[in-house]
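Student: Structure incoming, see below.
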Amino acid sequence: MKRLLIGAAIVVGVIMLAGVGYIVYVMARYPDAGPTPQVTIAATPARLARGEYLAKHVAVCIDCHSTRDWTKFSGPLVRGTEGKGGFRFGEEMGLPGEVFAQDITPAALGSLSDGELLHAVACGVGKNGRALFPIMPYKSFAELSQEDIFSVLAYIRTLKPIQNDVPTGRLNFPLNIIVRMIPGPYVAHSMPDTTKSLEYGKYLVTTAACGDCHSQQKKGERIKGLEFGGGMEFRFPDGTVRSANITPDEKTGIGSWTKDLFLAKFKAYEHPDSALLSLKEVGYNTPMAWTMYAGMSERDLGMVYDYLRSLPPVKNDVERFTPINQAPQETRK
């Protein structure tokens, strides 16, 4: 019996030692995103204009990295806070730890080279080789054309410097190890044909990371067969809101929507008064940055619509909002 206990202890010890060894290896080996790109980005007028459009209305970098007024519907941007960061994504939202949107104004990024900025935005490797948590959708941003990503980085350099000491955050084990293995090397892409609706529409949808919020996920991966079918949950103090089904299913998605209706849905939030829409008027809140996406051109929105209509329809009747004191419809008795 004693020998068995000793043998078992040895086996457990070997397993633990192997596990520790593997963790040490991963910590030393990753992230493996290749060398920092050696680039110098000229801030031309064309790049600054394009970068502002993408950062505010498509990739909406300014959305997460600014202060939003959550007392109003869709959390409109608080002017004067563009890029200061500080928003906390915590365990109460379903995250395994806590992540903070960082300060992306020149006050925080001024010492970084253009290559280091590119490494962070497109590869997911931040200061001091730190792997970034992909709630910042760098995998989607990596699909930007090289000219577009250069434009975004050039524009960010022009933001008003705001000194904001933002925490780096923390992730629970084992995600704090796994996240180090996600980043990969930068690959330059060319711009797709902007005259081809499906091709450029896909590019815009990817850049905006629409699928991240409008797909149910398991362990950080979109569930196959349910992509863009909505249902991802977002917790607010008054209840849970769920992303919409944006596939062309006739009954539960946007299959019955005309292009004019789709455009009108976005453009309804373009007027400055839309930032004053109270929660009482709507009845719930949403993380969807309507007031920012409303700035997309009608041409681009039309191509987004065309691409979404080309997706496989997913039948998923999403209950948009469940108050805090009420169970979801499917579980109510």
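Student: Surrounded by fewer than 22 Cβ atoms within 10 Å (Cβ to Cβ), out of contact with any Phe, Trp or Tyr (no Cβ under 6 Å at 6 or more places or on another chain) and polar (S, T, N, Q), is that true of residue 151? Don't jump to the end; show me each part of the working.
Tutor: Numbers: surrounded by fewer than 22 Cβ atoms within 10 Å (Cβ to Cβ): no; out of contact with any Phe, Trp or Tyr (no Cβ under 6 Å at 6 or more places or on another chain): yes; polar (S, T, N, Q): yes.
In short, no.
Student: If the requirement is being assigned to a loop (DSSP other than H, G, I, E, B) and not hydroxyl-bearing (Ser, Thr, Tyr), which of these qualifies: 261, 311, 301? Can you show your working first?
Tutor: Numbers: 261 fails: assigned to a loop (DSSP other than H, G, I, E, B); 301 fails: assigned to a loop (DSSP other than H, G, I, E, B).
Going through 261, 311, 301 in turn, the sole match is 311.
Student: If you don't mind, another one. Residues in the stretch 169-181: is at least one touching a residue at least 12 places away in the same chain (Cβ under 8 Å) and under 30 Å from residue 79 (Cβ atoms)? Show your work before the answer.
Tutor: Residues of the stretch 169-181 that are touching a residue at least 12 places away in the same chain (Cβ under 8 Å), as a first pass: 169-172, 175-177, 179-181.
From what is left, the residues that are under 30 Å from residue 79 (Cβ atoms) are 169.
Checked against the condition, which is being touching a residue at least 12 places away in the same chain (Cβ under 8 Å) and under 30 Å from residue 79 (Cβ atoms), the stretch 169-181 yields at least one hit.
Student: Going by the structure shown, is residue 198 touching a residue at least 24 places away in the same chain (Cβ under 8 Å), surrounded by fewer than 15 Cβ atoms within 10 Å (Cβ to Cβ) and more than 16 Å from the chain's Cα centre (by Cα)? I'd like the intermediate steps shown before the answer.
Tutor: On the way: touching a residue at least 24 places away in the same chain (Cβ under 8 Å): yes; surrounded by fewer than 15 Cβ atoms within 10 Å (Cβ to Cβ): yes; more than 16 Å from the chain's Cα centre (by Cα): yes.
Criteria met by residue 198.
Student: Every residue in the stretch 287-308 that is surrounded by fewer than 19 Cβ atoms within 10 Å (Cβ to Cβ) and either polar (S, T, N, Q) or closer than 15 Å to residue 237 by Cα (or both), please.
Tutor: 287, 297 - these are the residues of the stretch 287-308 that are surrounded by fewer than 19 Cβ atoms within 10 Å (Cβ to Cβ) and either polar (S, T, N, Q) or closer than 15 Å to residue 237 by Cα (or both).
Student: Quick one: would you say residue 74 is small (Gly, Ala, Ser), surrounded by fewer than 22 Cβ atoms within 10 Å (Cβ to Cβ) and assigned to a loop (DSSP other than H, G, I, E, B)? Even if it seems obvious, please write down each step before you answer.
Tutor: Values: small (Gly, Ala, Ser): yes; surrounded by fewer than 22 Cβ atoms within 10 Å (Cβ to Cβ): no; assigned to a loop (DSSP other than H, G, I, E, B): yes.
For residue 74, the condition - small (Gly, Ala, Ser), surrounded by fewer than 22 Cβ atoms within 10 Å (Cβ to Cβ) and assigned to a loop (DSSP other than H, G, I, E, B) - is not met.
Bear in mind that the values in this text are calculations on the coordinates, not laboratory data. What you see is a predicted model, and the numbers here were worked out from it, not measured in a lab. Virtual Cβ from ideal backbone geometry, glycine too; neighbours counted across all protein chains shown.
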